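Inspection log for the structure reproduced underneath, given as structure tokens.
The values are calculated or read from the model by the stated rules, or taken from the named source; none is laboratory data. Remember, it's a predicted structure, so these values are computed and weren't measured experimentally. Using ideal geometry, Cβ is built from the backbone for each residue, glycine included, and neighbour counts are taken over all protein chains shown. Protein only, heavy atoms only, side chains kept; ligands, DNA and RNA dropped before computing areas. Shrake-Rupley method; radii C 1.70, N 1.55, O 1.52, S 1.80 Å.
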Amino acid sequence: MDMDRRHFIASAGAGLLLGSARAETVEQPFGNGVRPLVAYPQKRKLIRLTTRPPQLETPMAAFDESLLTPNDAFFVRYHLADIPTDRIDPLTYCVTVDGSVDHPLSLSLADIKALGSQEITAVCQCSGNGRGFFVPRVPGGQAANGLMGNARWQGVSLRKVLDRAGVKRGAVEVAFDGLDEPVIPSTPDLVKSLPLDHALDGDVMLAWAMNGEDLPFLNGYPLRVVVPGYFATYWVKHLSRITVRDTKLDNFWMAKAYRVPDTPCACVPPGTQPAATRPIGRMTARSFITNIASGSTLHFAPTHTARGIAFDGGSGIARVDVSWDGGKSWVPATLDADAGPYAFRGWIAPLRLTLGSHVLMARATSKAGEVQPLVADWNPGGYQRHVVEPVQVTVI
Ligand SMILES: Nc1nc2c(c(=O)[nH]1)N[C@H]1C(S)=C(S)[C@@H](COP(=O)(O)O)O[C@H]1N2
Ligand SMILES: [Mo]
């Protein structure tokens with residue numbers, strides 16, 4: 001009996017070890033790209049970049065399911081390891097509005113919801129989306145292209161909140177702080193700011209819901225900033241404080257991080273440092289093939305279909321072109337219905353593939369006239385990758 005029990009415990013232990021050693025993984029198409037697939041609360045299995053704080057990347061195939069990225073597939077990014085899992089009670093939660101205002105406020109979730117409600121479908125994309133593809137490689141989260149998602153955000157426009165507080169003359173910026181904290185005092189707290197006129201544009205909002213449900217905890221429950229068209233670094237989660245400022249915020253996260261070269265392309269020759277930088281801002285035009293993974297083998301057919309998504313920083317998508325000869329010739333894709341200038345725009349295109357190997361590409365053109373480049377540009381932060389992405393297929 002004892003022997004059996006010991007044997008059982010020993011083999012159960014071995015099983016657990018084997019189980020963890022065999023955790024499901026994916027391999028991203030760049031060096032050192034093996035990542036575990038892990039399910040966190042309210043999330044399906046996603047590609048884990050780091051454990052503390054949790055950072056999760058969405059597999060490209062999820063973008064093929066629906067134009068609105070499912071909440072359980074939406075990526076997760078944090079900078080500070082002390083995320084507020086132990087200190088959010090929706091009944092006592094409140095946001096402070098202070099600084100250069102006539103009436104400092106402390107607003108409960110109910111107060112905020114009572115100020116009004118609007119909905120905007122918008123892409124939330126990390127500035128470092130695709131950083132793992134940078135050549136030469138750059139430091140920072142080594143992600144493929146899954147640090148993005150498109151959701152229907154519901155919330156109140158920040159303008160309504162600031163109108164209630166009364167912005168004083170001379171104010172220049174609005175700063176946002178969340179409930180997550182550094183774990184050591186030398187790490188700067190994440191506080192981000194927007195120029196006052198941008199903060200008051202009516203589209204910048206405080207959102208409590210995405211895709212018709214409360215925000216998932218890891219996406220900023222119970223309230224986050226949404227800055228349509230802008231990179232996600234400004235979309236502060238678990239919002240706790242809004243401060244109207246009469247000087248520019250000069251902290252680490254504004255003055256040192258999340259800055260791009262102050263050149264027209266926001267780029268510099270690979271491997272060099274820019275002479276001057278500016279805060280990262282609007283997103284650039286991008287497109288992705290979502291229904292065919294790079295490296296796939298397809299069976300011969302007279303036509304195949306490529307399907308995908310495109311978006312930009314808020315002008316909207318004018319066209320998407322598709323190539324299956326590595327970018328030598330292009331055919332226009334058919335665009336899906338327009339869900340607004342900040343949303344993913346779906347598209348579909350027929351491919352005529354002969355036997356053998358092909359490089360598929362999609363290239364977006366924005367309504368502002370921006371066309372995706374065929375050669376990647378570079379910056380030392382690994383920000384705003386927007387090159388046309390090749391998809392290798394073999395037809396047998
Ligand atoms: N409170 C808080 N908000 C934050 C961050 C953070 O670290 N803490 N990171 C920002 C960055 S850089 C990104 S890319 C997005 C990620 O949003 P998500 O986790 O909902 O996908 O959150 C932004 N808001
Ligand atoms: Mo980010």
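Evaluating 6.51 cos²θ - 1.76 cosθ + 1.60 at θ = phi - 60° for every residue in region 175-185, the Karplus couplings come out as 10, 10, 10, x, 7, 6, 9, x, 8, 10, x Hz, glycine and proline recorded as x. Isolated cysteines in the chain, defined as those with no second cysteine Cβ under 4.7 Å, comprise Cys94, Cys124, Cys126. Here the gap between Leu335 and Ala23, fully extended at 0.36 nm per residue and compared with their Cα-Cα distance, gives a gain of 108.4 nm. The residues packed around Val387, meaning those with a beta-carbon under 15 Å from its beta-carbon, carry a net charge of -1 if Lys and Arg are +1 and Asp and Glu are -1. Legend: calculated FRET efficiency, Ser66 to Val359, from the Cβ-Cβ distance at R0 = 25 Å, rounded to 0.05, equals 0.40. When the chain is treated as a GNM with alpha-carbon contacts under 10 Å, the residue of Ala275, Ala293, Ala62 showing the greatest mean-square fluctuation is Ala275. For Lys367, the lysines whose Cα falls under 24 Å of its own Cα, not counting residues fewer than eight places away in the same chain, are Lys328. In order along region 89-99, the phi-based Karplus estimate (6.51 cos²θ - 1.76 cosθ + 1.60, θ = phi - 60°) of 3J(HN,Hα) comes to 10, x, 7, 9, 4, 8, 10, 8, 10, 9, x Hz; Gly and Pro are listed as x. Comparing Gly31, Gly99, Gly141 in a Gaussian network model of the chain, where Cα atoms under 10 Å apart are tied by springs, the biggest mean-square fluctuation is seen for Gly31. Considering only alpha-carbon pairs that sit under 8 angstrom and 6 or more positions apart, the relative contact order computed for region 104-261 is 26 percent. With the cut-off at 1.5 for a/c, could you classify the chain from its C-alpha gyration tensor as rounded, prolate or oblate? In terms of gyration-tensor shape, oblate. Per residue, the average separation of C-alpha pairs within less than 8 Å and at least 6 apart gives the chain a relative contact order of 15 percent. Hey, in the GNM for the chain with a 10 angstrom Cα cutoff, which one of Ser186, Ser329, Ser240 fluctuates hardest? Among Ser186, Ser329, Ser240, the largest mean-square fluctuation in the Gaussian network model of the chain belongs to Ser186. For the chain, the mean residue ellipticity at 222 nm estimated from helices alone is -3000 deg cm²/dmol, where every DSSP H run of n ≥ 4 contributes -39500 (n - 2.57) and the total is divided by all residues, rounded to the nearest 500.
Going by Cα centres, region 278-293 and region 115-160 are how many Å apart? Their Cα centres are 10 Å away from one another.
Working from label points 7 Å from Cα in the Cα-to-Cβ sense, the Asp163 to Asp89 distance is 3.3 nm. Annotation: amide H-H contacts under 5 Å for Arg241 (H modelled 1.01 Å from N, sequence separation of 5 or more, or interchain): Thr96, Asp177. The lysines whose alpha-carbon is closer than 27 Å to the alpha-carbon of Lys43, local same-chain residues fewer than 8 away aside, are Lys113, Lys192, Lys237.
With every protein chain in place and a 1.4 angstrom probe, the accessible-area ranking of Thr354, Thr69, largest first, reads Thr354, Thr69.
Evaluated with a Cβ-only charge set (Lys, Arg +1; Asp, Glu -1), the chain carries a dipole of roughly 560 debye about its Cα centre, given to the nearest 20.
Solvent-accessible area of His299, all protein chains in place: 130 Å² (probe radius 1.4 Å, heavy atoms, ligands and nucleic acids excluded). The residues of the chain present an accessible area of 45 Å² per residue when probed at 1.4 Å with all protein chains retained.
Once the chain from Thr50 to Arg245 is taken as fully extended at 0.36 nm per residue, the excess over their C-alpha distance is 66.8 nm.
Compute the Cα gyration tensor for region 154-209, then decide on rounded, prolate or oblate, letting a ≥ b ≥ c be the square roots of its eigenvalues: rounded whenever a/c is under 1.5, prolate when a/b is larger than b/c in the other cases, and oblate in all that remain. Cα axes put region 154-209 in the oblate bin. Counting Lys and Arg as +1 and Asp and Glu as -1 over every other residue whose Cβ lies under 11 Å from the Cβ of Asp189, the net charge comes to -2.
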